[in-house]
Amino acid sequence: MRLWRKRRKMAKFDPSALPAPKRISLDRAIDEGLLLAEYATRMETKNQVIIGALRGDRDFDVERYAGVVRANLARLAEEAQDQALRIGGERRHARDSPGLARGHHDYRRSDVSNLQLREQSYSGLAAKLIELSTDDDYVNGIVEAARAAAWEEVGDVVVSTLAEQQEPIDLGENYAEERLIRMQLLQMEDLEELATQRRHSAANITSAAGAAEGSAPRVP
């Protein structure tokens, strides 16, 4: 006998029952921004190292690539500060805008606290990037990481270009004379081989002609 179990009714989804998302701290927001900025700077410097290697740069100029790092950090700091100013304007506008948002970027009074956190995060990131751009240990660390990444990416090509000095090959004082003699020997060998091939071809033609003549019917 088959028993039927009564299906339990699913409760209706209640979004208010979900736990409130944890608000990220200002320090963590700045730290995450620093990680992204450092990664972008390392990649930019790595690309410059590879370009320099392909151009034939023999010596790895640490100061040159340190300048690339500092310039990139300064650029990212400027972009972060621009973002902070933009979000600050949106925060002030949202403070005077009650009601519900009509779109993703339609900020209202309820968004002021989040906008303030984003504004402070970008402003703090900009200040930290400017500070790190003057830290020689930090800058040189990125340069070294970029060089290691470049070597790993292009392997022996970059290693041989940046780390090895190619020594000229000593061909010897009599290289030109010996080369002429070697060329003459090669020509003689080629001519002898060609003559042999022609003799064999002529012999084969003669044999074939004789065989044809012997097998042909004679006319009385």
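Taken together, the values in this text are just the output of simple stated rules run on the coordinates, not laboratory data. Nothing here was measured: the structure is a model prediction, and the numbers come from that model. Heads up, the Cβs are rebuilt from the backbone with ideal geometry, glycines too, and the neighbour counts pull from every protein chain shown.
Yes/no matrix, rows are residues, columns are (1) of a type in the set (D, E, K, R); (2) buried (at least 18 other Cβ atoms within 10 Å of the Cβ); (3) over 21 Å from VAL49 (Cα atoms):
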site: SER113; (1), (2), (3): no, no, yes
site: GLU119; (1), (2), (3): yes, yes, yes
site: GLU131; (1), (2), (3): yes, no, yes
site: ASN140; (1), (2), (3): no, no, no
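One line per residue, one yes/no per condition, for (1) out of contact with any Leu (no Cβ under 9 Å at 6 or more places or on another chain); (2) among the hydroxyl-bearing types (Ser, Thr, Tyr):
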site	(1), (2)
GLY88	no, no
HIS93	yes, no
ALA101	yes, no
HIS105	yes, no
ARG108	no, no
VAL112	yes, no
GLN116	yes, no
TYR122	no, yes
ALA127	yes, no
Could you please find all residues in the stretch 19-67 being polar (S, T, N, Q) and outside any loop (DSSP other than H, G, I, E, B)?
THR41, THR45, ASN47, GLN48
Count, please, the residues in the stretch 87-135 that happen to be closer than 30 Å to ALA66 by Cα and hydrophobic (A, V, I, L, M, F, W, C).
6
